[in-house]
Amino acid sequence: MNKITMLLGSAMLAGLFACNKSEFDGFTKAENGLHYKFFTQDESGVKAVEGDGVSIKIIYALKKPTTDSVLFDSKLNSEDGSGTVRYILPKSSFKGSLEDAIAMMAKNDSAAFIISADSFFLKTNHMQALPEFAKPGDKLVITIKMVEIKSKKELEENQKKQEAEVAQLSEQEKPLLDAYLAEKKITATPTESGLILIETKKGSGAKPKAGDEVSVNYTGRLLDGTMFDTSIEADAKSGNVYNPQRPYEPIKFALDQGQVIKGWDEAIKMLSKGGKAQLIIPSSLAYGPRGGGPIPPFATLLFDVELVDIKPAGK
């Protein structure tokens with residue numbers, strides 16, 4: 001089960017929360033059955049509503065008589081390591097749901113909520129049955145810190161801005177590549193796909209085929225010369241991308257198995273063992289309109305590669 005998916009629901013009911021006595025010490029019970037306790041609260045702050053983008057830090061645990069059992073902690077599970085989970089707030093999946101809890105919060109608020117565990121798993125997560133550790137009537141204790149709220153309008157404006165920026169990068173790719181080729185006086189003919197390979201050292205023996213495992217040393221740069229990755233320690237240090245936590249050695253992968261970008265699959269099959277080459281790979285054979293990490297959308301990439309070894313498929 002995808003734990004992040006457990007935060008997503010299908011329906012939010014934002015209503016008025018009447019205060020009642022809760023059976024849980026220190027908590028207040030809302031009209032919809034949600035039990036809540038604020039640690040910090042901006043009562044006049046703008047609250048999240050359906051369709052808004054919310055950024056939260058969240059821990060949820062199965063409530064136990066003595067020590068609650070933690071099921072999810074965004075500090076350990078966030079994609080970017082920040083401890084923050086981001087998603088679009090949906091409608092409430094049931095009365096007193098996680099979505100209802102989030103809808104009570106303004107930016108920088110922090111609070112704990114107690115909600116129905118079986119409703120959370122079956123209605124919010126749309127599970128067919130309760131997980132083994134939960135049973136009907138169980139409660140979840142959910143602690144939330146509201147990091148940021150982006151209105152639906154802000155999200156739409158940001159989306160339009162990003163689309164315009166990506167479109168501009170798309171339009172700029174060919175002129176930037178043409179300028180680079182002219183500056184470097186590169187006249188090599190591209191392949192049908194657009195790949196440009198300039199062999200700098202001939203290898204020997206047969207060329208690798210689809211399915212063969214190859215070992216490759218490489219250094220990758222953007223057109224402006226910025227290094228973004230390398231398998232060579234000296235290059236990493238000179239290019240300010242050195243990471244002491246990673247090994248610096250040839251990368252191994254099977255050709256034409258989708259393990260590397262398309263430009264690499266095409267280029268490495270053009271070399272023999274021991275061969276070296278400079279590669280100019282258009283974004284259509286690399287990371288395309290999305291980019292990745294330090295690589296922007298529609299970025300043409302430069303690689304210096306060396307085919308260190310070939311292991312035929314099945315051997």
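Scanning region 300-315 for residues that are modelled with pLDDT under 95 and within 25 Å of the chain's Cα centre (by Cα) returns no hits. Would you say K150 is among the charged types (D, E, K, R), at pLDDT 90 or above, surrounded by 12 or more Cβ atoms within 10 Å (Cβ to Cβ) and under 21 Å from the mean Cα position of the chain (by Cα)? Spelling it out, K150 is indeed among the charged types (D, E, K, R), at pLDDT 90 or above, surrounded by 12 or more Cβ atoms within 10 Å (Cβ to Cβ) and under 21 Å from the mean Cα position of the chain (by Cα). Inspection of region 229-240 identifies no residue that is of a type in the set (A, V, I, L, M) and within 22 Å of G288 (Cβ to Cβ). How many residues, within region 72-86, are among the β-branched types (V, I, T) and either surrounded by fewer than 16 Cβ atoms within 10 Å (Cβ to Cβ) or within 19 Å of P131 (Cβ to Cβ) (or both)? Looking only at that region, the number is 0. Considering (1) touching a strand residue (DSSP E or B) at 6+ places or on another chain (Cβ under 6 Å); (2) modelled with pLDDT under 95, say which one G258 fails and leave the rest. The one condition G258 does not meet is (1). When the residues of region 47-71 are filtered to those that are in a loop (DSSP other than H, G, I, E, B) and either under 16 Å from K135 (Cα atoms) or not assigned by TED's automatic domain parsing to the domain that holds V85 (or both), the one that is modelled with the highest pLDDT is K63.
Residue count for region 119-149, restricted to those that are more than 23 Å from M104 (Cβ to Cβ) and free of Cβ contacts under 8 Å to residues at least 60 places away in the same chain: 7. Looking only at residues in region 250-299 that are outside any loop (DSSP other than H, G, I, E, B) and aromatic (F, W, Y), the one that is surrounded by the most Cβ atoms within 10 Å (Cβ to Cβ) is W264.
Of everything in region 90-137 that is touching an Asp or Glu at 6+ places or on another chain (Cβ under 9 Å) and assigned to a strand (DSSP E or B), the residue that is surrounded by the most Cβ atoms within 10 Å (Cβ to Cβ) is F113. Looking only at residues that are part of a helix (DSSP H, G or I) and acidic (D, E) in region 168-198, which one is farthest from L279 (Cα to Cα)? Checked region 168-198; the qualifying residue farthest from L279 (Cα to Cα) is E171. Residues in region 72-89 that are within 16 Å of I144 (Cβ to Cβ) and either not assigned by TED's automatic domain parsing to the domain that holds N125 or not hydrophobic (A, V, I, L, M, F, W, C) (or both): D73, S74, K75, N77, S78, S82, G83, T84, R86, Y87.
The values are calculated or read from the model by the stated rules, or taken from the named source; none is laboratory data. The shown structure was predicted, so the numbers you read here are calculated from the model rather than taken from an experiment. Note that each Cβ is placed from the backbone with ideal geometry, even for glycine, and that neighbours are counted across all protein chains shown.
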